[in-house]
Amino acid sequence: EIDPWYGVPHYLRYISGQCAREWVWLDVSSKMLTLRPGRFRCAFQMESTGLWRRDVSIPTIAWTTSELESVRSSRRLCDYLEAEWPRLGLPRDVHILELGAGDGWLGMTVARNLVAISGQSTTRVTDQEGYRIRSLSQNVAYNVAKGLPLDNLGHGVLDWEHSVHQQVWSDGTQEGTLHLLIGADVVEESSARHLARMIRDFLSQKQEMLVLLAHQMMRSLDANEAFFQALQSQHLEPWIVAAESQASLELKEEAKGVVILQITCQKQDQWLLPWSDSLTGLEDTFYV
């Protein structure tokens, strides 16, 4: 959606942390955005230049794990999936589940691009009960009504406080049939323990399942510590497979930007993804 005052896509303010009305100039030729405060300029990249179509619209903003940064993380995870999809080792008929889907943009974008691959792939976007799942459902319904090919998309509640084995899947989904588990900025200090246990539950059903999380290293140091400790207590290990900044290659407090984490079981023979430079150098680049 376009801001009526400056003609700038609304989600820019959610990615950058700035109000849309502070974006005063977008120069397509130089690929620079100029902000009114201090005449700050930053690089941008047109979102429609890749192979994947990114035409999912979000009429309802769902504040989930982060008020501003989760949108940026979902774009970065989408960048990674688009660039690395042939090398992820996933089957043609891939079954995907997104944790903490928020506004649903990531899951819907993945689902609508999988229709180009022949097969019976499915994507399920999930979130907590209450306003989050209501907003997610509205966004899915809106894009279905727009005519996007989302027949392979399901959505529903996934309660992290209960074992995944106790969840009821209305569409017949079974955790043992999933191949890919994704999430963008789902790490919070208060729910880190539940998230780690949920990931462990999924991996216990299917050890070879691929788990990929996009995570903002600097968003909350307390959340980082709680999450990494929770992973260790569940005998899980995080591996950085892509990062916006070279400073994020080690899980340290000074790390910044978005990283893509692959979560695996400790002391298990699991395939680790090779390092990808698909996000390198993008920490100061915004999508429009």
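Of all residues in the stretch 70-88, count the ones that are of a type in the set (K, R), open to solvent by less than 40 Å² (accessible area, probe 1.4 Å) and farther than 19 Å from V125 by Cα.
The number of residues fulfilling the criteria is 0.
Checking the structure you have, find out if any residue of the stretch 217-226 is in contact (Cβ under 8 Å) with a residue 40 or more places away in the chain, crowded, with 18+ Cβ neighbours inside 10 Å and in contact with a Ser or Thr (Cβ under 7 Å, 6 or more places away or on another chain). Working first, answer last.
The initial filter retains those residues of the stretch 217-226 that are in contact (Cβ under 8 Å) with a residue 40 or more places away in the chain, namely 217, 219.
Within this subset, residues satisfying the condition of being crowded, with 18+ Cβ neighbours inside 10 Å are 217, 219.
Subsequent filtering for residues that are in contact with a Ser or Thr (Cβ under 7 Å, 6 or more places away or on another chain) retains 217, 219.
Yes, the stretch 217-226 contains a residue that is in contact (Cβ under 8 Å) with a residue 40 or more places away in the chain, crowded, with 18+ Cβ neighbours inside 10 Å and in contact with a Ser or Thr (Cβ under 7 Å, 6 or more places away or on another chain).
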Selection within the stretch 199-231 - part of a loop (DSSP other than H, G, I, E, B), out of contact with any helix residue (DSSP H, G or I) (no Cβ under 9 Å at 6 or more places or on another chain) and either of a type in the set (S, T, N, Q) or under 19 Å from A101 (Cα atoms) (or both):
Q207
Complete set of residues in the stretch 102-120 that are outside any helix (DSSP H, G or I) and open to solvent by 10 Å² or more (accessible area, probe 1.4 Å):
D103, V115, A116, I117, S118, G119, Q120
When the stretch 181-195 is checked residue by residue, the ones that are over 22 Å from E208 (Cβ atoms) and over 8 Å from the mean Cα position of the chain (by Cα) are V187, E188, E189, S190, S191, A192, R193, H194
Please work out which residue is surrounded by the fewest Cβ atoms within 10 Å (Cβ to Cβ), limiting yourself to the stretch 188-216 and to residues that are farther than 20 Å from R76 by Cα and of a type in the set (A, V, I, L, M, F, W, C).
F202
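Examine the stretch 89-98 for a residue that is modelled with pLDDT of 90 or more, open to solvent by less than 10 Å² (accessible area, probe 1.4 Å) and part of a helix (DSSP H, G or I), and state whether such a residue exists. Walk me through it before giving the result.
First pass over the stretch 89-98, keeping only residues modelled with pLDDT of 90 or more: 89-91, 93-98.
Applying the additional criterion that residues be open to solvent by less than 10 Å² (accessible area, probe 1.4 Å) yields 94, 96-98.
Keeping just the survivors that are part of a helix (DSSP H, G or I) gives none.
The answer is no; no qualifying residue exists.
The values are calculated or read from the model by the stated rules, or taken from the named source; none is laboratory data. Owing to the predicted nature of the structure, the values given are computational and were not obtained by experimental measurement. With ideal geometry, Cβ positions are generated from the backbone for all residues, glycine too; neighbour counts draw on all protein chains shown. Note: accessible area is taken over every heavy atom of the protein model, side chains too, but ligands, DNA and RNA are not part of it. Shrake-Rupley method; radii C 1.70, N 1.55, O 1.52, S 1.80 Å.
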